[in-house]
Structures are given as structure tokens and as C-alpha cells.
Amino acid sequence: MTWDEQLPEDILSQFKDWYDNVTYLNNCRLPRRLSVDLLPECSASLHMFCDASKDGYAACVFLRTEKEGNVSVRLISARSRICPPEKITIPRLELLSALIGSRLLKEARGNLNLNCDEFCWIDSGVALCWIKRELPWNTFVGNRVKEIRQNSNANNWHHIPGTENWADLASRGCNARHLLEVRWWEGPSWLLQQPDMWPRSALVVDEKTVNKELKKSVCQVNVCSDVSIIDQLSNYFSKYTKIVRMTAWIFRFSHNTRHKNKRKGELTFEECDEAEKKLIRIIQQENKEQIEKQSGKSRQIYYDTDMIMRVKTKLLLTDFPECTKSPMIVPAKNVIIRRMVEQRHLQLLHTGANTMITDLRKRFWILGIRLLVKSVIDKCVVCRRHRSQPTPAPAAPLPLDRVQLTAPFQVTGVDLAGPLYLQDGEKCWIVLYTCAVYRAVHLELTKSLSTEAFLRTFRRFIARRGRSSIMISDNGTNFTGTRNLLRDIDWDEVQRQSTIQRIKWKLNVPTAAWWGGFFERLIKVMKDLLRRVLGTSSVSYDEMQTLLCDCEAVINDRPLTYVEDDKANALEPLRPSCFLQTLPQTDVTDLDQIDSKNLNKRLRYLQKLRSDFRQRFKNEYLTTLVQRGKDKNSTLKVGDIVLIETEDKRIKWPLGLVVEIITGNDGVNRTAKVRTSAGLKTRPFQRLYRLEISSSEVEGDESNYENKIGKRYRIVINPSSTSSTMSGAEVQQPAYS
């Protein structure tokens, strides 16, 4: 920028802030005396603090004197410097702050001519290790550590918590007002206390960062190990193809070091074939006794020209390939053979055990092949995905809300059915309100699935049937929207203006349609009635409303209890309409006289009939509600990896990690919280397909899991929000040549 050019607003505002605070420096007054007492007559010690930040590094030296219990602390000198423009790590900046601190300490020691105790305080464990350890550090660290050790004693360096490091303010900078408020030149308050009260810090060092600055040296080491080449290759590589190719590269290196005609370029088929035969020979030599013992007299074994043991078959006179006539015999309990079977399982597109065995015996006669193949298939994650079964859960008892004798529609379930197409081509939906206790229904018609349209049907329902205490529904957007709107209401204000009670809205677990079976069943009944009435005809909106009223009357008049054949002596069966409307007047007509005495008798009689209806409902209907089928105990537990059933194909079902098991009121587990890439989801056990992989197999680094299942697949879990959500837990298949 030129001299007369106007400053940008951000720089100008920063300068004004600095300018407004710089006047506070007039009040920052430092005492000229370093001690209130004569130095020769009191005990003294020098304390040096050093620290660094991304903006700068600094050091300061204080003199502490003590006489007859009186302690004073005075600032001797301080230095702060801006970080160099080239990128440098924080540990190296901490070492630079220690360097200028040691120079200040040396200067103070010489100018004051003091022979006293010295303390060097630093909060960087890495820099402290560089100073205290006598190791061959690289040029940058080594030169500075050498000067630091010349200026100070390495035993005088101590670690201190970062919050107690008095050089922190100097390394980060502050304005004049803050400097005056903290009175930085007076030193830390803990220096006024006795040494046993000074802060101590447990040193935790990142050894990897410390050793990163060691000098690199080249040395030749001859290693003699009892571990076989088979174990080394199988532990290092997870694919059979890579093991064979690495063996081929070893042979090429051996050939090129002993012969003048060097082999170059990509590996040839002959080299890979020779490497595979060498591996088979080594495996046969290491397991020779086991092969001979398992073969016994049932198989004829011979050595071919390559000294490989083969099995004689009855196909010697056929035109099959030589490797099929006399396959190479190998044991099943060998890591490389297992890698070969796993690779072949992928090449055959996860086929079954019989196909795998048939294909493998074209080249190899594996002793115990069936157990090996089944073991490989059982541990294949892709096969588990398609083989897994839903988690069973025992049937739950009816909740208390559905078996208590309450007013009709006090506990209500709601659901939507449709769409239906009207005569003018418009779509409409049916809103079904179901009494959870008496099984009565109330039907409304709407032309939209929005929350506003549903609220209008809800208002009509309350106006005609009364206000419900509990509403039960699935997780439809219109239901969740209504629930959220009711939850956000200021109920304190509502209570001041009226006496209505808050509606408790319960949502069933997502995807668990059977949790709302008491209203799903009535939707089926309603649809059956409409199909029979409408057929293929189309009606208008008003006609559809009329049909729904007729349908509602028919459904509410259905019997809930057993209908006796002998109607002369049988009680009238209980129906939902018995609890919705006044009972039909089939008694003597002379009781209809309008006078107060007879009317009171009539009301008492009707009240007695209603009470009898409720008692019959409790004894005849509720007692018939029994559990059907056998309960199946669930084995799902926290830490299991599961597939979450969706409407997509099984191959696209997401993976999840079970993080919590939710226990029902009867003490039985039927629901779980699962962590997925989209966050936490609550699902019933019937929608979770266990993969038989526990979280201990996938926690930590990927190598731990790969070692457990043969490194054929990886389940990648990226926690969200430092997150902790499972990111896409996807199965990745290795590619190979």
C-alpha cells in the first residue's frame, strides 16, 4: 500500500483498538529494585519460563528472594519473537523459546554475579525430552540442544502445566489493558509459596514425535529367525495372489543377483507358476507327517518331476488336464491355503460349498476341504449379508392404555388409508380414528397429506367424539408435525385460559407396522367394505363422505364377543356402538312419561346398563385377548453389527452398530437403537438382521478386523461428530489380478 492510501476497515479497526488501549502503558510501573532485601543476606533463586504458540515464542526470567518467610518476586528480563515465515512445528518453536530462555538465564547469572539455584520451566514434553536426553539429534534440534545445555544445567529443567506457564502471555501477546490487569511483571502467584506447593505435572510424551528428530543412520543387520517364510508372507499379505507374486519377485531378485541375463518388466506367467509350486513344496515339507497320516492307505501319493506330492486318481486315462488327473495334496490347516480358498470364493462370486469344492479339486486335493470351505463361507461378510435372518422378539402384552376401562376414544389410534380417486380425478385419503379400548372407529375424508389438512380432520374428530387424552400413530410426517406443534404450545398460557388437558401423542417405533395392529386391522376391514360397495365405480367427494359414514356405522356395529346360536336365551353380543350412543329403547313404553320421578328412574336404569356393558366387556372381551404362537428369545446385544431392513433390495440395506437395547414394560427386549451413517435410529428387532460380527472385531484400526476375518473385507466405520456415527459401514471387496 502507498503512504497516503486509506487503510482497510478491518486493519483500521484493529489499530484503533490498539491505540485506545496503549494509554494504559502509562500505569504499568516496574520497581527498579530486584529485591526488597540485601541479596547476600537472603536466599535467592532464578526462574526461567519459556513457551511458544503459532504466532510467536517467548521467555522470561524472574528473581525470587526469601528472608525470614518474606518472599518477593521480580522480573529481570524477557524476550518475545515472531514465528519465522517458513512453516515450523510447535515442538521446534518450543525448543526455540527454550534457546532464548537459556540465553537470558546465562545473561542474568553473569550480570548479577549470583551463585544460586536455577529453575527452567517449560510445558512442552517433546522439547524437554530433547534437552534431557543425550541422543544423536538431527542438525536443527542438535545444535540448539547443545547451546541450551551449555547455557544451563539439563537437570534444572522441569515440566509445568500449560496454565501455569508464565511465558504463555508473552508468546501469544495481549493489549496494554490486559497487561495492566494481570500485572504480568510480578510473576506467578505460586512462586510466593514454599517449594513443596509449586505445581507439578505428570509428563506424557509422544515418543513418535520425539524420535522423529533422531539422525537417520544406515546399518546392515543379519536377522536369523525361526519364523518360516510361509508365516511371514501370510502375516504380511492378505491375498493369495499377492503372496504368489511376492514369492515370484523374490525369485527374480535371486536370479538377477546370480546371473548376467537380468529379468525385467512385469512378472510372467511362468514365474508366477514356479513361485506357486515353490510355495506348495514348502507347505508340503512343513506338513509332511500330517499329510501322510491323514492320507493313510486310502490314497496313493507320489512325487512328480518338481518334487511336489500329488494324488493318483481314477482319471489317468481321461483327457482332463494333468493337474486334474493328479491334483496337488495340501493340508487344510494352513494360512496360505486358506487365503487361496478365500480368493477362489470371491472369483466364483460367493458360490456355495459344493461348487467351491468341485472347482478347487481341479488343481488341489485339500485334506479336510469341506470344513475349510464352510468356514470361509461362514466368515464372508457378503454371504452373511444375504444369509442373515431377522432378529426374533417375543410378543408383547397389551399396554395398560388399551385394557383400562375409559371413555370411548379417550385412547385413540390414528392412521391414513388411500389414496382414493374421485369422479373428477382428484385424490383423497381416509383418516381412521380408532378407540384403542372399545375398538370403535371414526372416519374422516381429506384431500391432502399435509399437517394442516390432518389438523382439520383432528378438529372435526374432537368436535364430534370428544377430546382424547392419548393419541397413538406411526411416524408419518403429518403425525409427527402435529405432535411437534402440540409440544411447542405454551401450555402454561393454555391452562390459564381453559381447563383442557394436554394431549399425549405416542409414536410407534419406525418401520414396526405391527405395533399399530389395532388400527391397521380396522383399515383392512374398511377397505374390504369399500371394495364391495364401490367396485369399479367412481364417486364424488360428497358421496364418498356419505359412504364413509355408512361404513363407520357398519364397522361400529360389528360384534366383539361370541354370537350365540340360541338367540332366545343368549345375551346381546357386545359391539363398539354400545359404548358410543344411547342404548335402543326396547323396554316398556310407560316409562317414557315425562315426570321427574320416572325420568330419574330411567337415568338410573340406563346407568346400570352401561355399567353392566362395561363389566361384560371386561369379562367377555378382554379375557379373550391371549398371546398366540411361541415366544422366541432374542440374542441381539450391544455391539452387534446388523443389517437394517429397508424397502430397497437386501444388497443396499445399510449396516448399523447396536448401541442400546430398549427394554419393554414387561422386562423383555424388543427394540434397539442403532448407529448408522445417518445418525441414531430406533428399530424393532424384527427389522434388524444380525451379521454375527461383534463390535470388538471392528473397533480400533482396520488391521485388527482384517486379521480376524482373513483381510478379505473391511467394515469402514467413520464416527460422525467426532463424531460417532457409523459412516456408511460398507463392505469393500479387494480387487486382484
Original post:
Of the residues Thr446, Thr457, Thr477, which single one is within 39 Å of the chain's Cα centre (by Cα), under 22 Å from Ala513 (Cβ atoms) and of a type in the set (S, T, N, Q)?
Top reply: Thr477
Original post:
On the given criteria, is Ile651 exposed (fewer than 14 other Cβ atoms within 10 Å of the Cβ), at pLDDT 50 or above and either more than 14 Å from the chain's Cα centre (by Cα) or in a strand (DSSP E or B) (or both)?
Top reply: yes
Original post:
Has region 268-284 got any residue that is of a type in the set (Ser, Thr, Tyr) and either modelled with pLDDT of 90 or more or farther than 21 Å from Val376 by Cα (or both)?
Top reply: yes
Original post:
Just a yes or no: is a residue in region 356-369 of a type in the set (Phe, Trp, Tyr) and free of Cβ contacts under 8 Å to residues at least 12 places away in the same chain?
Top reply: no
**OP:** Go through (1) modelled with pLDDT of 85 or more; (2) part of a helix (DSSP H, G or I); (3) surrounded by 19 or more Cβ atoms within 10 Å (Cβ to Cβ) one by one and return the number of the condition Thr482 breaks.
**Re:** (1)
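Residue by residue, here is whether (1) over 17 Å from Lys379 (Cβ atoms); (2) modelled with pLDDT under 85; (3) touching a strand residue (DSSP E or B) at 6+ places or on another chain (Cβ under 8 Å) holds:
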residue: Met307; (1), (2), (3): yes, no, no
residue: Thr313; (1), (2), (3): yes, yes, no
residue: Leu317; (1), (2), (3): yes, yes, no
residue: Asn334; (1), (2), (3): no, no, no
residue: Gln343; (1), (2), (3): no, no, no
**OP:** Only residues in region 399-411 that are closer than 17 Å to Gly664 by Cα and in contact (Cβ under 8 Å) with a residue 12 or more places away in the chain count as the first member; pair them with residues that are of a type in the set (A, V, I, L, M, F, W, C) and in a loop (DSSP other than H, G, I, E, B), Cβ under 7 angstrom, at least 6 apart or cross-chain, and list the lot.
**Re:** Asp401/Ala436; Arg402/Ala436; Arg402/Val437
Subject >> Residue satisfying all of: in region 98-128; in contact with a helix residue (DSSP H, G or I) (Cβ under 7 Å, 6 or more places away or on another chain) and among the small types (Gly, Ala, Ser); farthest from Leu191 (Cα to Cα) among these >> reply: Ala127
Subject >> Check on Lys524, surrounded by fewer than 12 Cβ atoms within 10 Å (Cβ to Cβ), within 16 Å of Thr434 (Cα to Cα) and at pLDDT 75 or above >> reply: yes
Original post:
Among (1) over 46 Å from the mean Cα position of the chain (by Cα); (2) over 17 Å from Val330 (Cα atoms); (3) not hydroxyl-bearing (Ser, Thr, Tyr), which single condition is Asn235 missing?
Top reply: (1)
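For every residue, the table says whether it meets (1) under 20 Å from Gly187 (Cβ atoms); (2) of a type in the set (Asp, Glu); (3) touching a His at 6+ places or on another chain (Cβ under 7 Å); (4) surrounded by 19 or more Cβ atoms within 10 Å (Cβ to Cβ).
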position: Thr2; (1), (2), (3), (4): no, no, no, no
position: Leu7; (1), (2), (3), (4): no, no, no, no
position: Asp17; (1), (2), (3), (4): no, yes, no, no
position: Thr23; (1), (2), (3), (4): no, no, no, no
position: Ser35; (1), (2), (3), (4): yes, no, no, no
position: Met48; (1), (2), (3), (4): yes, no, no, yes
position: Ala59; (1), (2), (3), (4): yes, no, no, yes
position: Pro85; (1), (2), (3), (4): no, no, no, no
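Let's see how each residue does on (1) within 35 Å of the chain's Cα centre (by Cα); (2) not small (Gly, Ala, Ser):
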site	(1), (2)
Pro397	yes, yes
Val403	no, yes
Gln410	no, yes
Val414	yes, yes
Ala417	no, no
Gly425	no, no
Ala436	no, no
Ser468	no, no
Original post:
Under the condition of being assigned to a loop (DSSP other than H, G, I, E, B), modelled with pLDDT of 70 or more and among the hydrophobic types (A, V, I, L, M, F, W, C), which residue from region 554-580 is surrounded by the fewest Cβ atoms within 10 Å (Cβ to Cβ)?
Top reply: Leu580
Subject >> Candidates Asn235, Asn143 - the one that is at pLDDT 90 or above, polar (S, T, N, Q) and in a helix (DSSP H, G or I) >> reply: Asn143
Original post:
When only residues in region 509-548 that are within 50 Å of the chain's Cα centre (by Cα) and not in a helix (DSSP H, G or I) count, which is nearest to Ile662 (Cα to Cα)?
Top reply: Val509
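The values are calculated or read from the model by the stated rules, or taken from the named source; none is laboratory data. Worth saying up front: this structure is predicted, and the values here are computed from it rather than measured. Methodologically, a virtual Cβ is constructed for each residue, glycine included, from the backbone with ideal geometry; neighbour enumeration extends over all protein chains shown.
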